[in-house]
Amino acid sequence: MRRVILATLALTMVVGLASTAQATGWGFGGFGGVSIPIAQDDAAKGVVFGGQLRLSLGGMFGLEPNFTYFRNGDWTTNGAPGETFAGSKFTSLGVNVILGGAGPVKGFRFFPFVGGRYYNEKNDLRDFSKAKLGWDGGLGFEIGAGTIGIEARACGELMPLDCGGSR
């Protein structure tokens with residue numbers, strides 16, 4: 001069963017990449033969604049939004065400089081039972097590398113991406129305002145009609161902390 005799933009994923013990736021291998025161009029857009037903290041079991045869901053610029057490097061690769069704002073939901077701690085605190089606010093500047101090109105798309109395309117970001121965290125109770133280098137990556141799907149495209153993506157982000165943990 002595992003081999004079938006891996007083979008299906010590999011075939012989907014090859015077909016998706018082949019369909020956009022020659023796409024060239026540039027574009028820009030905005031995005032929004034839900035932030036779901038997985039490693040932080042003390043924080044609730046929040047919001048995420050931002051903007052991005054896409055630049056094709058020709059062939060199989062594209063660059064995506066981006067700005068993101070996201071906020072975790074309210075959180076609790078064992079040190080203060082029954083109290084709820086406002087969630088942290090984050091901003092980040094980063095660049096993603098998109099496999100499969102970044103130009104205009106006609107039809108459907110699948111693209112993996114990976115990148116690096118500088119994160120700033122602001123919280124009323126803690127000061128994490130120093131920029132931290134972190135990483136992100138994920139998978140996206142885009143439906144395009146030439147110059148306009150609508151996409152959905154799942155992105156995982158990792159922001160290391162000084163104390164050895166991460167967000």
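The values are calculated or read from the model by the stated rules, or taken from the named source; none is laboratory data. Only a predicted model underlies this, so the values are computations on that prediction, with no experimental measurement involved. Reconstructed Cβ throughout: ideal geometry from the backbone, glycine too, with neighbour counts over all protein chains shown. All accessible areas refer to the heavy atoms of the entire protein, side chains included, with ligands and DNA or RNA removed. Shrake-Rupley method; radii C 1.70, N 1.55, O 1.52, S 1.80 Å.
How many of the residues making up the range 31-60 are modelled with pLDDT of 85 or more and surrounded by 14 or more Cβ atoms within 10 Å (Cβ to Cβ)?
Qualifying residue count, the range 31-60: 10.
Taking the range 130-150 on its own, how many of its residues are touching a residue at least 40 places away in the same chain (Cβ under 8 Å) and of a type in the set (D, E, K, R)?
1
Only one of these is in a strand (DSSP E or B), at pLDDT 70 or above and surrounded by 13 or more Cβ atoms within 10 Å (Cβ to Cβ): Phe108, Phe28. Name it.
Details: Phe28 fails: surrounded by 13 or more Cβ atoms within 10 Å (Cβ to Cβ).
Within the list Phe108, Phe28, the selection yields Phe108.
Quick check: anything in the range 148-155 modelled with pLDDT of 80 or more, loosely packed, with under 14 Cβ neighbours inside 10 Å and either part of a loop (DSSP other than H, G, I, E, B) or of a type in the set (Asp, Glu) (or both)?
Step one: filter the range 148-155 for residues modelled with pLDDT of 80 or more, giving 148-155.
Subsequent filtering for residues that are loosely packed, with under 14 Cβ neighbours inside 10 Å retains 148, 150, 152, 154.
From what's left, either part of a loop (DSSP other than H, G, I, E, B) or of a type in the set (Asp, Glu) (or both): 148.
Yes, the range 148-155 contains a residue that is modelled with pLDDT of 80 or more, loosely packed, with under 14 Cβ neighbours inside 10 Å and either part of a loop (DSSP other than H, G, I, E, B) or of a type in the set (Asp, Glu) (or both).
How many of the residues making up the range 61-89 are in a loop (DSSP other than H, G, I, E, B), open to solvent by less than 30 Å² (accessible area, probe 1.4 Å) and either hydrophobic (A, V, I, L, M, F, W, C) or modelled with pLDDT of 85 or more (or both)? Spell out the reasoning first.
Of the range 61-89, the ones in a loop (DSSP other than H, G, I, E, B) are 72-74, 76-84, 86-88.
With open to solvent by less than 30 Å² (accessible area, probe 1.4 Å) added as a condition, the list becomes 72-73, 80, 87-88.
Now narrow it down to the ones that are either hydrophobic (A, V, I, L, M, F, W, C) or modelled with pLDDT of 85 or more (or both): 80.
Residues in the range 61-89 being in a loop (DSSP other than H, G, I, E, B), open to solvent by less than 30 Å² (accessible area, probe 1.4 Å) and either hydrophobic (A, V, I, L, M, F, W, C) or modelled with pLDDT of 85 or more (or both): 1 in total.
Return the residues of the range 127-142 that are at pLDDT 85 or above and more than 19 Å from Trp26 (Cβ to Cβ); say none if nothing qualifies. Explain how you work it out, then say what you get.
Here is the first cut: in the range 127-142, the ones at pLDDT 85 or above are 133-142.
Passing the criteria: Leu133, Gly134, Trp135, Asp136, Gly137, Gly138, Leu139, Phe141.
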